[in-house]
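The values are calculated or read from the model by the stated rules, or taken from the named source; none is laboratory data. It should be emphasised that the depicted structure is a prediction, and the values quoted were computed from it without experimental measurement. Neighbour counts are summed over all protein chains in view; Cβ atoms, including those assigned to glycine, are modelled from backbone coordinates with ideal geometry.
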Amino acid sequence: MNGVRPLMHEAVDEGLFSARLAAHIVDGRAIEQPQRRVPLAIVFSDPDIGAVGMAHDQLDAGSTVIGTAKGSANGRAQVLGAPDDLIRVYADARSGRLLGASLITSHGEHLSHLLAWAIQRGETAQQLLELPYYHPTLEELLQSALKDVARQVKG
């Protein structure tokens, strides 16, 4: 575990990176740069708080669009008594490629995890909008935020 990102999944990666580095040195092989996972942090609370990929303060405001969705416009959030749920998705303004997200939502650990997969794969808002979204679900919050991104993309 390190002091920069003290999370269990990061500690596992650090251990693997160290073991691979040692094996490369012992075998006399070239050292390869490890591929890191997309940053993912979740506070398991009610509602959950999630930060995925690039943080808002790391973004270039001139080349980024932000899609927003609120629980007050989502039927499932209303049923759960969570009208204050909020998702913000950050994407490249030209391509729509997802860069990061922040959220405060009921059961947000699941949306955070799905967003981490999408960001790591280099998905765009449009590609994710082509996937099914069932009703009534909290995933429709993500769909709304992605639609907001897609409306703003210049590419």
Among the residues of the stretch 71-91, count how many are within 18 Å of residue 118 (Cβ to Cβ) and either touching a residue at least 60 places away in the same chain (Cβ under 8 Å) or of a type in the set (Phe, Trp, Tyr) (or both). 3
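With the condition kept exactly as written, say whether any residue in the stretch 134-142 is among the hydroxyl-bearing types (Ser, Thr, Tyr), farther than 23 Å from residue 37 by Cα and not in a helix (DSSP H, G or I). Before you say what the answer is, go through the steps one by one.
Pass one, the stretch 134-142, residues among the hydroxyl-bearing types (Ser, Thr, Tyr): 134, 137.
Narrowing the set further to residues that are farther than 23 Å from residue 37 by Cα leaves 134, 137.
In the following step, the residues that additionally are not in a helix (DSSP H, G or I) were identified as 134, 137.
Within the stretch 134-142, one or more residues are among the hydroxyl-bearing types (Ser, Thr, Tyr), farther than 23 Å from residue 37 by Cα and not in a helix (DSSP H, G or I).
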Every residue in the stretch 89-124 that is in a helix (DSSP H, G or I) and among the hydroxyl-bearing types (Ser, Thr, Tyr), please. 112
Quickly run through the stretch 54-75 and pick out the residues that are outside any strand (DSSP E or B), more than 15 Å from the chain's Cα centre (by Cα) and surrounded by 14 or more Cβ atoms within 10 Å (Cβ to Cβ). 71, 74
Within the stretch 96-135, can you find the residues that are exposed (fewer than 15 other Cβ atoms within 10 Å of the Cβ), in contact with a Lys or Arg (Cβ under 9 Å, 6 or more places away or on another chain) and modelled with pLDDT of 95 or more? 122
Sort out which residues of the stretch 26-70 are among the small types (Gly, Ala, Ser), without any contact (Cβ under 8 Å) to a residue 12 or more places away in the chain and either under 17 Å from residue 122 (Cα atoms) or not assigned by TED's automatic domain parsing to the domain that holds residue 105 (or both), and write them in order of number. 28, 30
Across the stretch 105-155, which residue is farthest from residue 80 (Cα to Cα) among those that are acidic (Asp, Glu) and in contact with a strand residue (DSSP E or B) (Cβ under 7 Å, 6 or more places away or on another chain)? 123
